[in-house]
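A short worksheet on the structure shown next.
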Amino acid sequence: MVVRIDVREKHGQRLWQVRAGRRCLTFQDEFAARHFAAQLQLRMQWLAERGNESPAAPATIPETQRPEGD
(Lines give C-alpha, C1' and ligand atoms only; values in the text may rest on other atoms or scores of the structure.)
Protein backbone atom coordinates (compact mmCIF):
# COMPACT_ATOMS: atom_id res chain seq x y z
CA MET A 1 0.00 0.00 0.00
CA VAL A 2 1.28 3.43 -0.91
CA VAL A 3 1.32 6.29 1.59
CA ARG A 4 1.16 9.72 0.01
CA ILE A 5 0.71 13.34 1.08
CA ASP A 6 -1.63 15.69 -0.79
CA VAL A 7 -1.84 19.43 -0.16
CA ARG A 8 -5.36 20.85 0.01
CA GLU A 9 -6.56 24.38 0.49
CA LYS A 10 -9.73 24.94 2.48
CA HIS A 11 -11.02 28.35 3.61
CA GLY A 12 -7.68 29.90 2.61
CA GLN A 13 -5.72 27.50 4.84
CA ARG A 14 -3.25 24.89 3.59
CA LEU A 15 -3.93 21.37 4.85
CA TRP A 16 -1.84 18.25 4.34
CA GLN A 17 -3.74 15.02 3.79
CA VAL A 18 -1.95 11.72 4.40
CA ARG A 19 -3.54 8.99 2.29
CA ALA A 20 -3.12 5.22 2.51
CA GLY A 21 -5.52 3.39 0.23
CA ARG A 22 -9.05 4.68 0.81
CA ARG A 23 -8.24 6.16 4.20
CA CYS A 24 -6.90 9.62 4.89
CA LEU A 25 -5.99 11.86 7.79
CA THR A 26 -5.69 15.65 7.51
CA PHE A 27 -3.10 17.79 9.31
CA GLN A 28 -2.72 21.54 9.63
CA ASP A 29 1.04 21.22 10.15
CA GLU A 30 3.22 19.97 7.29
CA PHE A 31 5.87 18.54 9.62
CA ALA A 32 3.26 16.53 11.53
CA ALA A 33 1.84 15.15 8.28
CA ARG A 34 5.27 14.14 7.00
CA HIS A 35 6.24 12.58 10.33
CA PHE A 36 2.99 10.61 10.50
CA ALA A 37 3.35 9.44 6.88
CA ALA A 38 6.91 8.24 7.52
CA GLN A 39 5.89 6.36 10.67
CA LEU A 40 2.90 4.83 8.89
CA GLN A 41 5.06 3.69 5.98
CA LEU A 42 7.58 2.08 8.35
CA ARG A 43 4.80 0.37 10.33
CA MET A 44 3.14 -1.01 7.20
CA GLN A 45 6.48 -2.25 5.92
CA TRP A 46 7.18 -3.93 9.28
CA LEU A 47 3.75 -5.58 9.28
CA ALA A 48 4.27 -6.84 5.74
CA GLU A 49 7.62 -8.36 6.74
CA ARG A 50 6.06 -9.99 9.82
CA GLY A 51 3.33 -11.45 7.62
CA ASN A 52 6.00 -13.25 5.59
CA GLU A 53 7.46 -14.98 8.68
CA SER A 54 6.45 -18.51 9.52
CA PRO A 55 3.85 -18.72 12.31
CA ALA A 56 6.15 -20.97 14.33
CA ALA A 57 8.90 -18.35 14.43
CA PRO A 58 9.14 -16.68 17.85
CA ALA A 59 8.59 -12.96 18.05
CA THR A 60 11.85 -11.11 18.57
CA ILE A 61 12.35 -7.86 20.42
CA PRO A 62 14.91 -5.46 18.92
CA GLU A 63 17.97 -4.85 21.10
CA THR A 64 17.00 -1.23 21.72
CA GLN A 65 13.61 -2.23 23.16
CA ARG A 66 14.67 -5.03 25.45
CA PRO A 67 14.16 -4.46 29.16
CA GLU A 68 17.28 -4.04 31.23
CA GLY A 69 18.67 -7.20 32.79
CA ASP A 70 17.97 -9.49 29.79
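The values are calculated or read from the model by the stated rules, or taken from the named source; none is laboratory data. For clarity, every value in this text was computed on a predicted model and none was experimentally measured. Because the Cβ atoms are built from the backbone with ideal geometry, glycine has one as well, and the counts that use them run over all protein chains shown. These area figures cover heavy atoms from the full protein model, side chains too; ligands, DNA and RNA do not enter into them. Shrake-Rupley method; radii C 1.70, N 1.55, O 1.52, S 1.80 Å.
Dipole orientation for the range 1-40: of the candidates 27, 3, 39, 3 has the Cα lying most toward the positive pole (charges on Cβ; Lys, Arg +1; Asp, Glu -1).
Accessible surface of residue 2, taken over heavy atoms with a 1.4 Å probe and every protein chain present, rounds to 110 Å². For the range 1-32, the residues whose amide N sits under 19 Å from a probe point set 7 Å from the Cα of residue 38 along the beta carbon direction are 2-7, 16-20, 25-32.
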